[in-house]
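Structure, as structure tokens:
Please treat every number below as a calculation from the coordinates, not as lab data. Source: prediction; values computed, not measured. No Cβ is skipped: glycine too gets one built from the backbone with ideal geometry, and neighbour counts run over all protein chains shown.
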Amino acid sequence: MGIEQFIDNEVKSNDVVLFMKGTPQFPQCGFSGQVVQILDHLGVAYKGLNVLESLDLRDGIKAYSNWPTIPQLYIKGEFIGGCDIVREMFQAGELQQAFKDAGVPVAAQA
Amino acid sequence: MAMDAGEIERLIREGIPDAQVTIRDLAGDGNHYSATVLAPSFAGKTRVQQHQLVYNALKGNMGGVLHALALQTGTP
């Protein structure tokens, strides 16, 4: 299976996917860490994929989304954005709404 | 390795002529910047599309030389 197919499969078969540097338990970049904090705060279940484990994945996800930086958040197959966008949406309450609209359970209210 | 604030601003203005660009050096190390880019031409575009326009203006430097540019976009 090629990397693009692997990514496409992950994005489409999981409700919420975060491509990040490090793991949700141990982020290895401040930007990835911020998105992890927001998702954890909201109590959203998500799958974290560590791009530091695979150069193919790291390059592949940038090509897949045509987006040059990591982290990258996907909800129900849709690319939401990177750290700055996720933080802005969270602060405006839009991220919580996006999860609700997608039918993804959110545990905490901001 | 790093890129100076003036160069970042110049590239963004060149790529998005109606943009108001504010760059801040977050850590004082010439390596961690934040950029606020406001442009009338962003109207009607999603945040992802707005960021994409800035990334395009930065001509491939984003994610490479500029790995730590915090970006905020909007309309004035």
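Both radii are taken from the alpha-carbon atoms of the protein assembly as shown; with Rh as the Kirkwood radius, Rg/Rh is 0.96.
Here the protein assembly as shown is assigned +1 on the Cβ of each Lys and Arg and -1 on the Cβ of each Asp and Glu. Its dipole about the Cα centre then comes out at about 200 debye. Couplings for the range B:63-76, taken from phi via the Karplus curve 6.51 cos²θ - 1.76 cosθ + 1.60 with θ = phi - 60°, read x, x, 4, 9, 8, 10, 10, 7, 10, 10, 10, x, 9, x Hz in order; Gly and Pro are left as x.
Note on A:Q97 and B:D25: with the Förster distance fixed at 35 Å, the Cβ-Cβ geometry gives a FRET efficiency of about 0.55. So for chain A, averaging the separation of alpha carbon pairs under 8 Å that are six or more residues apart and normalising by length, what relative contact order in percent results? It rounds to 32 percent for chain A. Cα centroids of the range B:25-70 and the range A:1-58: 22 Å apart.
Mean residue ellipticity at 222 nm, helices only, the protein assembly as shown: -12000 deg cm²/dmol; runs of at least 4 DSSP H residues each add -39,500 (n - 2.57), and the sum is divided by the number of residues. Per residue of B:67-74, other chain Cβ atoms within 10 Å of the residue Cβ number 4 on average. Net charge of the neighbourhood of A:L95, taken over other residues with C-beta under 15 Å away and scored Lys/Arg +1, Asp/Glu -1, is -3. Remark: the range B:17-25, residue by residue, has Karplus-estimated 3J(HN,Hα) of x, 8, 7, 9, 10, 10, 10, 10, 8 Hz, where x stands for each Gly or Pro and the curve is 6.51 cos²θ - 1.76 cosθ + 1.60 at θ = phi - 60°.
Seen from all directions on average, the range B:2-42 presents a Cα convex hull projection of 2.7 nm². Annotation for B:V65 and A:E53: the two label points, set 7 Å from Cα along the Cα-Cβ direction, are 3.4 nm apart. Computed over the range B:5-74, the range of Cα coordinates on each principal axis works out to 35, 20, 19 Å, biggest value leading.
The angle separating the long axis of helix B:47-57 from the principal Cα axis of greatest extent in chain B is about 60 degrees. The mean number of Cβ atoms from other chains found within 10 Å of a Cβ in peptide A:78-85 is 5, as a whole number. Entry note: chain A has Rg to Rh equal to 0.94, where both radii use alpha-carbon atoms and Rh is the Kirkwood radius.
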